[in-house]
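Input: a single structure, listed below in C-alpha cells.
The values are calculated or read from the model by the stated rules, or taken from the named source; none is laboratory data. None of the values given here were measured: they were computed from a predicted structure. With ideal geometry, Cβ positions are generated from the backbone for all residues, glycine too; neighbour counts draw on all protein chains shown. The accessibility values were calculated without ligands, DNA or RNA, using every heavy atom of the protein model including side chains. Shrake-Rupley method; radii C 1.70, N 1.55, O 1.52, S 1.80 Å.
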There are 2 protein chains.
Amino acid sequence: MPNGKLPNNLKITEDIIVKERIRIPKKEALYKTGDPFSSLYAIRSGSFKTLIEYSNGQSQITGFFYRDEVLGLDALNNKAHASYAIAMEDSEVCLLAVKDIEHMLEEFTEIREVMVGLVGTEISRSHNMILTLGSLNADQKLAMFLQDTAQKQETMGYSPNEFILRMRREDIGNYLGLTLETVSRLFSKFSKEGILTINNRNVHILNREKLLAIQKS
Amino acid sequence: MPNGKLPNNLKITEDIIVKERIRIPKKEALYKTGDPFSSLYAIRSGSFKTLIEYSNGQSQITGFFYRDEVLGLDALNNKAHASYAIAMEDSEVCLLAVKDIEHMLEEFTEIREVMVGLVGTEISRSHNMILTLGSLNADQKLAMFLQDTAQKQETMGYSPNEFILRMRREDIGNYLGLTLETVSRLFSKFSKEGILTINNRNVHILNREKLLAIQKS
DNA sequence: CGGGCGATTGATGCAATTCAAGGAGTGTGG
DNA sequence: CCACACTCCTTGAATTGCATCAATCGCCCG
C-alpha cells in the first residue's frame, strides 16, 4: 500500500465496515474540526483538501487527496477530528464506520494490517511535507507538488503528464507556504522554460527530467 | 496520553516488550534511515532529534524528543526507518522490541490502545509542524518553539519557565525553517523586549503572555 | 591556556510578499 | 443566449523579511 490505499480484496462484515457511499458536493465539508471520530472515509470519486485552522483565523492546507485514498486519520489521537476535509469537486466516499476501532482491530488481522499501513503512510507523508516546507525554495516546492500530483494521477490510472488541477492557485500556495502570485509566476516561468504548458487548470508536463532536476537542485 | 507517552502501568510479557535499556552517547544514532524496524524506543533519560536526509545531502530536523516520549514510528510504513534519530546528550532508551508488531497487536488490548495513542499523537504532531512551517513568520515560529519546549519541560515535571536547550541554534533554525543567525537575532530581540533572558543555552522565560501573543499574532 | 566550535552582530543582497491593476473564465438570471 | 457579476488568474512595481556573507566574540573542553 504505497499510497495509503485500501486493497481491493477487502471484504469485511458490514457490521464493522459499512460500505455505504455518501455524496459530498463541491466545497462542502466531509468532516470538521471537533467532529467525533465515527468513520474513516475512502474516496471513491472526486478529491478533497484537508486543512487545519489556526487560532487567529488563518488556515493551513495539510494535504490533497484523490480516489482510493483514505481520510480521517487525524482523529485517531483524541477521537475527534483535528482538521477540515473539504470536497474540491463533487465527490463520493465510502464510510468505514468505526463503531469501536479497538474492537475492530481486535477481530480482524486484515484490518490491523491495513490500519498499520494507512497510519504509516500518513506519518511518512506528513514528514515529507515537513521536509518540503522546511527546506525547499519556491521553485523546488512547486516542482515537488507537480511530481507528486503526476504520480498520484499515474496511480489512479491516468496519464501522469496531462491532468487537471482540482484546486485554485491560492490553495496550492497555502499548501506549499507560498502566495498565489508566486505560484502563478512559477507556472509562467516553468512554461517559458518549456517544462510544461498550463492553461487555467490544465497542466501538460513536457519535461519531467527538468522538473526533477529543479526539485533536487 | 496527550503527548505520546507510555503509561506507567504498562506491564507486558518480556517476550513482547523487552524492557532492556541501552545507552546512546551524545551525537550517536539510535537508528538510521534504512535500518529495519525492529523496535520502538521509549526515552528514559536524555533527548533526541529526528531528521530526514534529502537526496541532495541537505537534511531537515522533524522533531525533538524528551524523556517518556517514543521514537521509531516512522518505520511503520515499510518496516524500515525513514529518518535518523540522534542523541542530543548522553541518553538512555528502553527497547520495545517488536518481533512481530501485528502479532503484538493481536495479543494485547492494552498495547493496541497504546499504539493507537502513539500513532495518533505523531500524526497530530506532524500536522502541527506543517502548520508552523507553512504559515508562521520567524517570530511566531520561535515563539511556538519556546512554548512547546516549555510545555514539554512541564510535562516532565520541571519548571516550564527555566530550562536548558539541548540543541544548537543551527538545529533550532533547521527545525523551524530558519537560519541560525535569524534564530540568534530573535533570541536577542525577545531578550530586549523583556520576554526572556538567554545565556548560551539557558533560557528563562519572563513573560509567557507576550510569547503567546506573538505566536497568535 | 589555547584551539575550536558555537553564538552574536553588522552589512548587504535577494527571493518572495505585498500592493495594485487588469484580464479571463464561469455561472446565473433575465 | 447574452449580459453582468463574481471569482480566479496574471503580470508589474515596490517593499521587506529573512538569508547570505563576514568578522568577532566567548565559552567549553582537552
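Taken per residue, the accessible surface of segment A:10-131 reaches 39 Å², heavy atoms only and a 1.4 Å probe.
Both radii were evaluated on the Cα set of segment A:10-131; the Rg over Rh quotient, with Rh as the Kirkwood radius, amounts to 0.96.
Segment A:155-169 and segment B:183-217 have their alpha-carbon centroids 45 Å apart. Distances between equivalent label points of B:Asp148 across the copies, with each point positioned 7 Å along Cα→Cβ, amount to 1.8 nm, shortest listed first. Ranked from shortest, the separations from the 7 Å Cα-to-Cβ label point of A:Arg208 to its equivalents in the other copies are 5.2 nm. Here the contact order of chain A, divided by its residue count and restricted to Cα pairs under 8 Å and six or more residues apart, works out to 20 percent.
With a Förster radius of 35 Å applied to the beta-carbon distance between B:Lys79 and A:Glu106, the computed FRET efficiency rounds to 0.95. Over chain B, DSSP H runs of length four or greater, each weighted -39,500 (n - 2.57), average out per residue to a 222 nm ellipticity of -12000 deg cm²/dmol.
Looking at the calculated P(r) for segment A:119-177, what percent of the C-alpha pair distances fall above 18 Å? More than 18 Å apart: 41 percent of the Cα pairs in segment A:119-177.
Sorted from closest to farthest, the other copies place their A:Glu170 label points 4.2 nm away, with each point set 7 Å from Cα along Cα→Cβ. Percent of C-alpha pairs per 10 Å bin in chain A, short distances first: 8, 32, 35, 18, 6, 0. Across chain B, the longest run free of exposed loop sites, meaning GluC sites (Glu not before Pro) lying outside DSSP classes H, G, I, E and B with no more than 14 other Cβ atoms within 10 Å, spans B:29-192.
If a spin label sat at a point 7 angstrom from the Cα of A:His204 along the line to its beta carbon, the backbone N atoms of segment A:120-163 nearer than 15 Å would be those of A:159-163. List the trypsin sites (Lys or Arg not before Pro) within segment B:27-104 that fall in a DSSP loop (any state other than H, G, I, E or B) and whose Cβ has at most 16 other Cβ atoms within 10 Å. Those that pass, being in a loop and sparsely packed, are B:Lys27, B:Lys32, B:Lys79, B:Lys99. For trypsin sites (Lys or Arg not before Pro), the sites in segment A:132-217 that DSSP calls loop and that have at most 12 other Cβ atoms within 10 Å are A:Arg201.
Relative to its Kirkwood radius, the Cα radius of gyration of segment A:137-216 gives an Rg/Rh of 0.92. Here segment A:113-144 and segment A:35-104 have alpha carbon centers that stand 17 Å from each other. Probe radius 1.4 Å, ligands and nucleic acids left out: can you give me the accessible area buried at the A-B interface, summed over both chains, in Å² to the nearest hundred? Interface area, both chains combined: 3800 Å², rounded to the nearest 100. In this label model, B:Ser188 and B:Glu170 are separated by 2.0 nm, measuring between points 7 Å along each Cα→Cβ vector.
In terms of its Cα atoms, the protein assembly as shown spans 55, 53, 38 Å along the principal axes, sorted from long to short. The listed residues B:Phe190, A:Phe37, once ranked by accessible area (1.4 Å probe) with the largest placed first, stand as A:Phe37, B:Phe190. Nonpolar atom fraction for the protein assembly as shown, defined as the carbon and sulfur part of the 1.4 Å probe accessible area, stands at 46 percent.
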